Amino acid sequence: NAGVTQTPKFQVLKTGQSMTLQCAQDMNHNSMYWYRQDPGMGLRLIYYSASEGTTDKGEVPNGYNVSRLNKREFSLRLESAAPSQTSVYFCASSAAGSPLHFGNGTRLTVT
Amino acid sequence: SQQGEEDPQALSIQEGENATMNCSYKTSINNLQWYRQNSGRGLVHLILIRSNEREKHSGRLRVTLDTSKKSSSLLITASRAADTASYFCATDPSGGSYIPTFGRGTSLIVHP
C-alpha cells in the first residue's frame, strides 16, 4: 500500500539547472498538490490539480511548472533553478473534501 | 499568505502532561484539519472537524472548533515522548476549490 510516492528523495542542483520532481499516488484521488516547506514558513502551495487534465496556480507558482500526466501522476518542474528554491517539496493527494495524503518529500538544495 | 496560524510556535512538556495548541484562521471554512509531522517525514492527518461540529475526539486527541471566533484547539492528553512532532492546522476555505491552506505549525517536545 504505497500511498503517495515522491522521487527523488534528495537532490542538489547548481543555479540554472533544471529538474523534474515526480509524484505518483495509488489511491485513485482526483486532486493532487505540490507544496514547499521552508523553516518558519509552514507549507505553501505551489500548484494544484483538481482533476486529470487541469492545473492551477497556488500561492507561490513563480519558477515552477507542473504536468498532470494522468490521474496517478503529477510532476513539478524547475526550468532554471535558483537558490531561493532550496526547500523541501511535498506532494499530496486527496479525494474532494477529504484529508490530504502526503509523500515523504524531496529535499532540494540549489547552490 | 497562511490562512491558519498555530499558537504557540513551540511547546515543551513532560511525559504525562496534556498539550494544547491553538489555530486561528481568517475566512469561512468548510472544515479544519489537524496534521502531525515527524522530523524529516511527510504530514499525517489526525482529525478533520467540519464547520457544523464543535468538538471531536480520536483516542487521546480532542479537537474543538469555534467558528464565531475562527479558532480551533487540539488537546493531546497524557502526552508520550512519541508525540514529539510538529502539528499543523489546515483549513478548507468555503466557496471555492478544495485547497487546504496550512499554518506554520506548533513544534511539540515531550520529555521522557
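We did not get these values from a lab; they are worked out from the coordinates using the rules stated. Everything numeric here is computed off the predicted structure, so don't read it as measured data. Note that each Cβ is placed from the backbone with ideal geometry, even for glycine, and that neighbours are counted across all protein chains shown.
Measuring nothing but how far apart in sequence close Cα pairs (under 8 Å, 6+ apart) lie, relative to its length, chain B scores a relative contact order of 39 percent. What's the FRET efficiency of B:GLU17 with B:ARG50 using the Cβ-Cβ distance as r and R₀ = 30 Å, to the nearest 0.05? It comes out at approximately 0.55. Normalising by residue count, chain A has a Cα convex hull of 92 Å³ per residue.
Based on the alpha-carbon set only, what is the convex hull volume of segment B:14-62 divided per residue, in Å³? Let's see the in-between values first.
Details: hull volume 5.8 nm³, N = 49.
Spelled out: Cα convex hull of segment B:14-62, divided by residues, is 117 Å³.
Distance from the Cα centroid of segment B:91-105 to that of segment B:36-50 is 15 Å (rounded to whole angstrom). Of the residues B:THR101, B:THR84, B:ASN22, the one whose Cα sits farthest toward the positive end of the charge dipole of chain B, with +1 on the Cβ of Lys and Arg and -1 on the Cβ of Asp and Glu, is B:THR101.
Any chance you could run the full-extension gain for B:ALA10 through B:LYS26? It's 0.36 nm times the residue separation minus the Cα-Cα distance, nm to one decimal.
Numbers: separation 16, 0.36 × 16 = 5.76 nm, distance 2.16 nm.
Roughly 3.6 nm would be gained on extension.
Between B:ARG104 and B:GLU6, the built amide H atoms are under 5 Å apart, and every one of these is 5 or more places off in sequence or on another chain.
Projected label points at B:SER94 and A:SER98, each 7 Å from Cα along the beta carbon direction, are separated by 2.4 nanometres.
How would you classify the protein assembly as shown from its alpha-carbon gyration tensor, with a ≥ b ≥ c the square roots of the eigenvalues: rounded for a/c under 1.5, else prolate if a/b is greater than b/c, otherwise oblate?
prolate
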